[in-house]
Amino acid sequence: MEVIITKDYDEMSKAAADVIAEQILRKPNAVLGLATGGTPVGTYKELIRRHKEGKLDFSKIVTFNLDEYLGLPTTHDQSYHYFMYDNLFSHVNINPQNVHVPSGTAVNVEEFCEWYEDEIDKAGGIDLQLLGIGGDGHIAFNEPGSSLGSRTRMKTLTEETIEDNARFFDKREDVPRFAITMGVGTILEAKKLLLVANGEKKAETVAKFIEGPITSQVTASALQLHPHAIVILDEGAASKLEHADYYKWVYAQKPKAMELLHG
Ligand code: PGA
C-alpha cells in the first residue's frame, strides 16, 4: 500500500486528481470506479478544472459508481446519481451512455446486482477505483461484518453511517436504511485502488485500516490485500498512524526509487 500524506484537503484533492488524470491520459477509454461523499468533491473539482483547461478528455471514459441508496430516484437531490451529475458529470464531456450508477429503484434488486457485476465484466473490469472511507471503516457501503469476498448486493446501513450522512438530509429519519453496493470482492478486482481521507475525525479509522489487522470489521483493511492500492491523506487523517514518518520518507525517496527501477 502506498500511503501519501499531504498538507491539507486541497493538496489531497490535487494529488488524487493527479492519479486519475494520469490514468485517463494513459488510457483515454479507461474504466473508472467512482465514489460519492464529502471527501472526493475537491478531487472532482480539480478534474473539472483540468477538463475546462483542455487537459482532460472524458469522451471515451466509462464509469461505475460504488453504491446508491435504495428507495431514492435519480431525481432526488441526495441520490448518488444526482450527486455524480452535480459534482462531476454535468461539467465534463462524459457520454451519459458510459455512466453506471446502481439503481435506487430497481424492482428486482438481486437481478439488478447481477446485471451490474456483468456490466463491469463486459467493460473489461475497472482500471482505477476511487474510494472514500466511512467512520466505521466501510468502503462503499460495505459495513462492518461484510464478507471480504462480497459482490454487489443490498446492505443495511449502520446507525453510525446513518448518523454521518444525516447532515445531507433535512432530518435523520429521511436517510435511507438500505443501499445497493459493490462488494469488497468486486472492489478488490479493480486493477488499481485509490482511497482518499481527510480530517482528524477519520484518524483512528485510517490507522486501523492501514496498520491494523485485515478484518471484515473494518472493510477498508481489505486494501492490504491489493497489490496496487494508493491511500492519500491529509495531516489530520494521518495523525494517528504509527509509521507516518516512514510513509513520508518513502514518498520523498520516490524519484530516486523510480530512477533505480526505470532509469
Ligand atoms: P465522506 O464519506 O467522504 O462524506 O466522509 C465517506 C464514506 O462514507 O465512504
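Laboratory data are not the source of any read-out in this text; all were calculated from the coordinates shown. Here the structure is a predicted model, which means the values were calculated and not measured. So basically every Cβ, Gly included, is an ideal-geometry build from the backbone, and we count neighbours across all protein chains shown.
Structure summary
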{"quantity": "Matching residues, the stretch 75-119, being of a type in the set (A, V, I, L, M, F, W, C) and assigned to a loop (DSSP other than H, G, I, E, B)", "calculated": "Leu88, Val92, Ile94, Val101, Ala106, Val107"}
{"quantity": "Hits in the stretch 31-55 - residues which are surrounded by fewer than 21 Cβ atoms within 10 Å (Cβ to Cβ), away from the ligand (no atom under 16 Å from the Cβ) and hydrophobic (A, V, I, L, M, F, W, C)", "calculated": "Ile48"}
{"quantity": "Complete set of residues in the stretch 201-240 that are touching a helix residue (DSSP H, G or I) at 6+ places or on another chain (Cβ under 8 Å), crowded, with 22+ Cβ neighbours inside 10 Å and among the charged types (D, E, K, R)", "calculated": "Asp234"}
{"quantity": "Residue list for the stretch 1-49, restricted to those being acidic (Asp, Glu) and in contact with a helix residue (DSSP H, G or I) (Cβ under 6 Å, 6 or more places away or on another chain)", "calculated": "Glu46"}
{"quantity": "Long-range neighbours under 7 Å by Cβ, at least six apart or interchain, first residue in contact (Cβ under 8 Å) with a residue 24 or more places away in the chain and farther than 25 Å from Asp121 by Cβ within the stretch 173-197, second among the hydroxyl-bearing types (Ser, Thr, Tyr) and not in a strand (DSSP E or B)", "calculated": "Val196/Thr39; Val196/Thr43; Ala197/Thr39"}
{"quantity": "Residues that are aliphatic (A, V, I, L, M) and more than 18 Å from the chain's Cα centre (by Cα), drawn from the stretch 213-237", "calculated": "Ile214"}
{"quantity": "Residue in the stretch 120-137 that is assigned to a helix (DSSP H, G or I), within 17 Å of the chain's Cα centre (by Cα) and not aromatic (Phe, Trp, Tyr) present", "calculated": "yes"}
{"quantity": "Yes/no for Val196 being surrounded by 22 or more Cβ atoms within 10 Å (Cβ to Cβ), within 13 Å of the ligand (Cβ to nearest atom) and assigned to a helix (DSSP H, G or I)", "calculated": "no"}
{"quantity": "Some residue of the stretch 99-119 being in contact (Cβ under 8 Å) with a residue 60 or more places away in the chain and within 11 Å of the ligand (Cβ to nearest atom)", "calculated": "no"}
{"quantity": "Residue satisfying condition, being within 19 Å of Leu194 (Cα to Cα), without any contact (Cβ under 8 Å) to a residue 40 or more places away in the chain, buried (at least 22 other Cβ atoms within 10 Å of the Cβ) and not aliphatic (A, V, I, L, M), within set Asn142, Asn65", "calculated": "Asn65"}
{"quantity": "Residue match in the stretch 223-242 (condition: in a helix (DSSP H, G or I) and either charged (D, E, K, R) or in contact with an Asp or Glu (Cβ under 8 Å, 6 or more places away or on another chain) (or both))", "calculated": "no"}
{"quantity": "Unmet requirement for Asp127, which otherwise passes all of (1) of a type in the set (Asp, Glu); (2) away from the ligand (no atom under 13 Å from the Cβ); (3) surrounded by fewer than 20 Cβ atoms within 10 Å (Cβ to Cβ)", "calculated": "(3)"}
